[in-house]
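Below is one structure; the comments refer to it alone.
Nothing in this text is a laboratory measurement; each read-out follows from the coordinates by a stated rule. Here the structure is a predicted model, which means the values were calculated and not measured. Reconstructed Cβ throughout: ideal geometry from the backbone, glycine too, with neighbour counts over all protein chains shown.
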Amino acid sequence: MTLSQLGLSAWLVRAFAFVWGCIWASFVNVVVYRIPREMSVVKPASHCPACGAPVRPLDNLPVVSWLVLGGRARCCGAPISPRYVVVELLGGALSLAIAEVIVRALPGDTALAHATSIFLADFGLAMALVAAAFIDAEHMYLPDTITIGGTLFGLATPSLRGLGWGDVFLGAAVGFVGVWLPFIVGYKALRGRPGMGAGDAKLVMLAGAWFGWPGAAFALFAGAIQATIAALVLLGVAGKIDEPEAVRADREALQRAAAQGDVEAKDVLEQDPLGTPPGIGIMAARLPFGPFLCLAIIEWMLAGDWVRDRLAGM
Ligand SMILES: [Zn+2]
């Protein structure tokens with residue numbers, strides 16, 4: 001069976017893709033909450049973070065439940081962060097975009113199984129990147145499960161993106177070394193501290209493993225440009241860039257433990273770049289870079305061919 005033989009109405013596909021995306025993104029919300037807290041993402045079922053009551057299935061519908069309940073938990077009335085709805089709508093929008101931009105552009109004689117594999121792989125990547133972006137924005141760390149796991153998945157599936165093994169292995173190597181050498185090793189030698197985290201290098205490695213070296217290069221440059229714009233906007237609006245609340249809270253908990261003689265906590269404080277309070281000034285500002293890398297990788301996934309054509313015509 002091929003795509004054209006299936007002959008589904010475009011609106012049916014769009015509606016299905018959007019609802020599908022919202023449903024899976026509500027699982028992404030669970031991942032964003034539980035991975036940094038070292039909890040299992042499958043067990044137990046959802047509980048209210050405020051009072052611990054189990055969430056009834058009907059109150060757990062993506063987007064709809066939040067609107068019906070007016071953004072408050074049914075059990076105890078605690079406000080539910082709008083982040084949950086934002087992530088769910090983002091999942092719906094990305095699923096729709098992948099179906100429209102990538103799957104619908106496939107030739108009509110593409111086998112249905114191949115088209116489905118392409119959709120599922122790209123959608124899985126998009127959801128993993130949304131999770132990584134929100135975790136990094138809150139905690140300034142990128143879980144290896146996502147960065148290394150995503151890299152391995154990309155290396156295993158080049159044919160879904162019309163690439164060969166050489167493209168993806170070279171891309172991953174260029175992506176990792178291209179960040180690690182100048183921004184971690186080189187920067188540290190010059191300034192005494194790394195300019196990026198190892199998680200950022202692994203994320204650019206993932207970009208290369210999925211889209212070859214042009215994808216890794218785009219992720220790094222477009223990510224840096226968008227992070228700079230965001231930093232300037234933040235400075236213009238708020239006058240300063242605060243480090244994320246959870247990062248400060250984690251450090252203070254470690255400092256209390258170290259003060260009571262916890263050797264392990266003392267080690268972490270000395271070795272982790274986040275173990276000391278941020279310095280003064282724009283260059284020392286702690287703005288997580290991961291969300292901007294994730295955004296740039298999604299941009300390349302959806303519009304990489306278009307960008308390439310423009311660059312080739314210059
Ligand atoms: Zn509650």
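Determine the shape class of the range 1-129: with a ≥ b ≥ c the square roots of the Cα gyration tensor eigenvalues, call it rounded for a/c under 1.5, and otherwise prolate if a/b is greater than b/c, oblate otherwise.
prolate
When the chain is treated as a Gaussian network with alpha carbon springs shorter than 10 Å, the biggest mean-square fluctuation among A131, A45, A93 belongs to A45. Take the Cα of E245, step 7 Å toward its Cβ, do the same at A312, and the gap between the two points is 4.8 nm. Every Cα-Cα pair of the range 172-314 was included, and the share exceeding 25 Å stands at 40 percent. Taking every lysine pair in the chain that is 8 or more places apart or spans two chains, those with Cα atoms closer than 27 Å amount to 4.
P(r) tail for the range 85-161, what percent of Cα pairs lie past 17 Å? The proportion of pairs with Cα distances above 17 Å equals 52 percent. Please find the FRET efficiency linking L160 to K266, where r is the Cβ-Cβ separation and R0 is fixed at 41 Å, and quote it to the nearest 0.05. Step by step, r from the Cβ atoms, then E = 0.30. Using the Cβ of G92 as centre and a radius below 13 Å, the other residues enclosed give a net charge of -1, where K and R count +1 and D and E count -1. Note on the range 231-281: Rg/Rh from C-alpha atoms, Kirkwood Rh, equals 1.12. Using the Cβ-Cβ distance between A78 and V19 with R0 set to 35 Å, the FRET efficiency works out to roughly 0.80.
Assuming a viscosity of 0.890 mPa s and a temperature of 25 °C, what translational diffusion coefficient in µm² per second does Stokes-Einstein assign to the range 1-67, Rh being the Kirkwood radius over Cα pairs? The calculation lands on 171 µm²/s. Taking a ≥ b ≥ c as the square roots of the Cα gyration tensor eigenvalues, with a/c under 1.5 meaning rounded and otherwise prolate when a/b beats b/c, else oblate, which class fits the chain? The shape class here is oblate.
Counting other Cβ atoms within 10 Å, keep those with at most 11, restrict to DSSP loop, and tell me which trypsin sites (Lys or Arg not before Pro) in the range 209-314 are left.
Counting only loop positions with at most 11 other Cβ atoms within 10 Å, the trypsin sites (Lys or Arg not before Pro) in the range 209-314 are K240.
Dividing the summed helix terms, -39500 (n - 2.57) for each DSSP H run of n ≥ 4, by the number of residues in the chain produces a 222 nm estimate of -21000 deg cm²/dmol to the nearest 500. Put simply, the amide H of T2, placed in the peptide plane, has neighbours under 5 Å in L112, leaving out anything fewer than 5 places away on its chain.
Averaging the sequence gap over all C-alpha pairs within less than 8 Å and six or more residues apart, then dividing by the number of residues, gives the range 163-206 a relative contact order of 45 percent.
As a size descriptor, the averaged projected area of the C-alpha convex hull of the range 85-224 was calculated at 9.1 nm².
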